[in-house]
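We did not get these values from a lab; they are worked out from the coordinates using the rules stated. These numbers come from a predicted model, not from an experiment. Here the Cβ positions follow ideal geometry from the backbone for every residue, glycine too, while neighbour counts run over all protein chains shown.
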């Protein structure tokens, strides 16, 4: 259980604002007076309670892995806010193919290429494996893995945005 213990100025009434928030400020707290108020904090700040602006400052990534068509698979990388709602801003996203959902760059480069279909390629760090991409205005990147002429292989697309957390797509398996 999380609690907040504080001593308040006797006689002061804390009134919620229009968004039902109560502000405890230094000017209103008194470490010498009485009474002591205990406020239960459990569940008071839920993800759905974050304002849109605050949630937008906490980007996460969602993936959609399309079905294989002619030895090619497209993967959508959608930047979302902390409420898992599409974040309609531009972001710089680091993307790379990996052989595991938590790994480094793949040991098996796609036989043909890895291309940016939606978004802007800013830098290709490792040819057809690792890149820095600018999303479109809707926070979306679409990458195409083209393994035409290769052998059956499975990758994961890993991506990192803003906060440094790494996100992994589902399996990208191209059966040749």
- Does residue 114 fit the bill of being in contact (Cβ under 8 Å) with a residue 60 or more places away in the chain and surrounded by 14 or more Cβ atoms within 10 Å (Cβ to Cβ)? no
- Message: Can you tell me which condition residue 83 does not meet? The list is (1) in contact (Cβ under 8 Å) with a residue 24 or more places away in the chain; (2) over 20 Å from the mean Cα position of the chain (by Cα), and all the others hold.
- Response: (2)
- Message: Anything in the stretch 59-72 that is surrounded by fewer than 16 Cβ atoms within 10 Å (Cβ to Cβ) and part of a loop (DSSP other than H, G, I, E, B)? List them, or say none.
- Response: 66, 67, 70
- Task: Using the structure shown, decide if residue 127 is over 13 Å from the mean Cα position of the chain (by Cα) and surrounded by fewer than 16 Cβ atoms within 10 Å (Cβ to Cβ).
- Result: yes
